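All remarks here apply to the structure that follows.
What follows is calculated from the coordinates using simple rules that are stated; it is not laboratory data. Fair warning: this is a prediction, and the values are worked out from it, not measured in the lab. Glycine also receives a Cβ, built like all others from the backbone with ideal geometry; neighbour counts cover every protein chain displayed.
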Amino acid sequence: MKRNKKISTIIKLLLIIILVIGQYLYTSDQRGQTEENKETSAKDTDDPLMKVHFIDVGQADCILVENNNKYMLVDGGNNDDKDVILDYLNRLGVKEFEAIIMTHPHEDHIGSIDTVIREFKVKKIYAPKKEHTTKTYEDVLNAVIETGNTLNAPKSGEKFNFGAVTVTFLAPSRDYGNNLNNWSIGIKVSNGKHSFVMCGDAEKEAEEDMLATKLDLSADVLKLSHHGSDTSSTKEFVKAVNPKYAVISVGKGNTYGHPSKSTIKMLKNNKIKYFRTDEQGTIVMISDGDQLTCNVSPIP
Ligand SMILES: [Zn+2]
């Protein structure tokens, strides 16, 4: 009896500690949001030049958005990609991030985020409110705690700005249980002239929910979810985004068969020009507020 009581007290204490840490990691961000918006002065928003770098990290995602020397990182490749990512960021002269978005807790999206968080100052980190049990996820959480950062879980429809760029959260809009892909944070990034939609590895169900939000999903560029897998990019979703270009972030000879043949066929049927990192390396798309250009030509 006594022993049972002791165990139950310990369990209660552990639960309280977990809850406190949870509260601490996920801060309510209403106040931060207004302060940040105030910081965005007119001179920051002058130049619409926006570069979106789909960094070649093999079978993984790592996307850098750049405007007026301000940067946002969406996902951070696998654990093994840290040198590639750090080299890339250092070559550009990145010193800090306005925001880092971890779309969902799979290794191919958060693998090197711990390293990035330790190396660079970050104003705000977004992650869906879904934990994972892997060492990779634990490493990221430790980096978040040790660097004094917190995690923010965005709601669909919420927005923030940096420079001339507006980021609108499209997803997640509900609980997806243990389907981590569907927990992916989806965003639309725009400089007022051109926009990009990228939704991590969101699958069919999450795409349906994004359609149901009635948010404006239309964009010039769609980063295909889940590395071009046929679990994503439904006819309805692609129709709503109605992109001119698609980008597939995918590893050469990956064992998943990404991108799927049906996805490529769908792109061709819809006359959507596409780029892929396994064949073309890092893809950099540039909007100067007038024209949208790319460092490479679309796949013929
Ligand atoms: Zn993935």
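Among Cys199, Cys294, what is the fewest-to-most ranking by other Cβ atoms within 10 Å?
Ascending Cβ contact count within 10 Å gives the list Cys294, Cys199.
Taking the Cα centre of the chain as origin, work out the dipole magnitude from +1 charges on Lys and Arg Cβ and -1 charges on Asp and Glu Cβ, in debye rounded to 20.
840
Which angle from 0 to 90°, rounded to the nearest 10, does the C-alpha axis of helix 2-25 make with the longest principal axis of the chain?
Approximately 30 degrees, to the nearest 10.
Calculate the dipole size of the stretch 152-300 relative to its Cα centre from +1 charges on Lys and Arg beta carbons and -1 charges on Asp and Glu beta carbons; express the result in debye to the nearest 20.
For the stretch 152-300, the charge dipole is close to 400 debye.
With the crude spin-label approximation of a point 7 Å out along Cα→Cβ, what separation in nm comes out for Lys252 versus Lys271?
3.3
Give the separation of the Cα centroids, the stretch 171-219 to the stretch 230-293, in Å.
16
How much mean residue ellipticity at 222 nm does the chain get from its helices, if each DSSP H run of length 4 or more adds -39500 (n - 2.57) and you divide by all residues, to the nearest 500 deg cm²/dmol?
-9500 deg cm²/dmol
Please give, to one decimal in nm, the separation of the simple spin-label points placed at Lys155 and Asn178, each 7 Å out from Cα toward the Cβ.
Going from the Lys155 label point to the Asn178 one covers 3.0 nm.
Calculate how many DSSP beta bridges within the chain are antiparallel, expressed in % of all such bridges and rounded to the nearest 5.
Counting only bridges with both partners in the chain, antiparallel ones make up about 60 percent.
Which residue, chosen from Ser184, Met266, Asn161, occupies the Cα position most advanced towards the positive end of the dipole of the chain, where the dipole is computed from +1 (Lys, Arg) and -1 (Asp, Glu) charges on Cβ about the Cα centre?
Ser184
Suppose the chain between Lys244 and Asn142 were pulled fully straight at 0.36 nm per residue; how much longer would it get relative to their current alpha carbon spacing?
32.7 nm
State the answer as a single residue: which of Leu141, Gly257, Met285 lies farthest towards the positive end of the charge dipole of the stretch 49-294, with beta carbon charges of +1 for Lys and Arg and -1 for Asp and Glu, about the Cα centre.
Sorting the options by dipole projection puts first Met285.
In whole Hz and in residue order, list the ³J(HN,Hα) couplings for the stretch 184-198 that follow from phi through the Karplus curve 6.51 cos²θ - 1.76 cosθ + 1.60, θ = phi - 60°; x for Gly and Pro.
Going residue by residue, I get 3, 6, x, 9, 10, 10, 9, 9, x, 10, 10, 9, 10, 10, 9 Hz, with x marking Gly and Pro.
Please express the shape of the chain as an equivalent ellipsoid: the semi-axes are the square roots of 5 times the eigenvalues of the C-alpha gyration tensor, given largest first in whole angstrom.
Largest first, the chain gives 32, 23, 19 Å.
In the Gaussian network model of the chain, springs joining C-alpha atoms below 10 Å, which of Tyr126, Tyr176, Tyr274 carries the largest mean-square fluctuation?
The residue that fluctuates most here is Tyr176.
Where does helix 82-92 land angle-wise versus the long Cα axis of the chain, in degrees 0 to 90, nearest 10?
It works out to around 60 degrees.
Provide Ser218, Ser173 in ascending order of the number of other Cβ atoms located within 10 Å of each residue's Cβ, fewest first.
Ser218, Ser173
Along its principal axes, what span do the Cα atoms of the stretch 76-214 show, with the longest given first and each in whole Å?
Principal extents (Cα only, largest first): 39, 38, 25 Å.
Cα-Cα over 21 Å: which of Lys51/Lys135; Lys123/Lys188; Lys51/Lys159; Lys193/Lys273; Lys159/Lys193?
Lys51/Lys135
Hey, what did the stretch 49-294 get for relative contact order, percent, Cα under 8 Å, at least 6 apart?
Taking the mean separation of contacting Cα pairs over the length of the stretch 49-294, I get 18 percent.
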